[in-house]
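Reading through the structure tokens given below for one structure.
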Amino acid sequence: MNKYLAGLVMAGLTMAGSAIAESHMSEEDLMKAVTARQSTMKLYAFNLGTLGAMARGTIDYNADAAEAAAGNLVKLSSMNQMAMWPAGSDMESLEGTKALPALWEDMAGVGEAAAAMTEAAVAMEAAAGTDLASLQGAMGALGGACGGCHKAYRASD
């Protein structure tokens, strides 16, 4: 991954971590943040679903669609999402979320997970439009980046 981009992700998470930890928001504002982050996760899932279906062969490989989905993942993983993760919006503090309190206790780990996601998305973007084999080769790292964050910071279904 571009070292400049990785540095920006890590710096943004580190600097915002203390501000988020001190957040004092109304429950209505907390729910708006949760809704925004859940919507973002649905966009991740939609685009990953397209790529995954192509990788599994359940839909035909389409270079343009694969490039678009991968490009969307890069944009999503590169955007500043800190306002969507205020303190007090974890599952023990607020209904309607699966975010574990561990997320706010491990900002360094969250930063590493975010950087891994961006790196995997950038790699997928480079591979997705090449051919099916390249897309399939990039899926493991992308799925691993998603799963790594979910395993550590999201309650199981």
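The values are calculated or read from the model by the stated rules, or taken from the named source; none is laboratory data. In this text the structure is predicted, and so the values were computed from the model without any measurement. Please note: Cβ atoms are built from the backbone with ideal geometry, for glycine as well, and neighbour counts cover all protein chains shown. Surface accessibility is based on the protein's heavy atoms, side chains included, excluding ligands, DNA and RNA. Shrake-Rupley method; radii C 1.70, N 1.55, O 1.52, S 1.80 Å.
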TODO: Return the total of residues in segment 56-78 being assigned to a loop (DSSP other than H, G, I, E, B) and in contact (Cβ under 8 Å) with a residue 24 or more places away in the chain.
DONE: 1
Task: Residues of segment 81-117 that turn out to be open to solvent by 60 Å² or more (accessible area, probe 1.4 Å) and assigned to a helix (DSSP H, G or I), as a count - done: 4
Open item on the list: Conditions first: (1) part of a helix (DSSP H, G or I); (2) open to solvent by less than 60 Å² (accessible area, probe 1.4 Å). Residue 150 passes all but one, so which condition is the exception?
Closed with: (2)
TODO: Please tell me if residue 74 is touching a Phe, Trp or Tyr at 6+ places or on another chain (Cβ under 9 Å) and on the phi < 0 side of the Ramachandran plot.
DONE: no
- [ ] Check off (1) open to solvent by 30 Å² or more (accessible area, probe 1.4 Å); (2) at pLDDT below 95 for residue 67 and give me the number that stays unchecked.
- [x] (2)
Task: Subset of segment 130-142 that is surrounded by fewer than 19 Cβ atoms within 10 Å (Cβ to Cβ) and touching a residue at least 12 places away in the same chain (Cβ under 8 Å) - its residue that is farthest from residue 65 (Cα to Cα) - done: 141
- [ ] Spot the failing condition for residue 74; the list is (1) farther than 16 Å from residue 129 by Cα; (2) among the β-branched types (Val, Ile, Thr); (3) modelled with pLDDT of 95 or more, and only one is missed.
- [x] (1)
TODO: Can you confirm whether segment 104-112 contains a residue that is in contact with a Phe, Trp or Tyr (Cβ under 9 Å, 6 or more places away or on another chain) and more than 30 Å from residue 29 (Cβ to Cβ)?
DONE: no
Open item on the list: Checking residue 18 against (1) at pLDDT below 95; (2) out of contact with any helix residue (DSSP H, G or I) (no Cβ under 8 Å at 6 or more places or on another chain); (3) assigned to a loop (DSSP other than H, G, I, E, B), only one condition comes out false. Which one?
Closed with: (3)
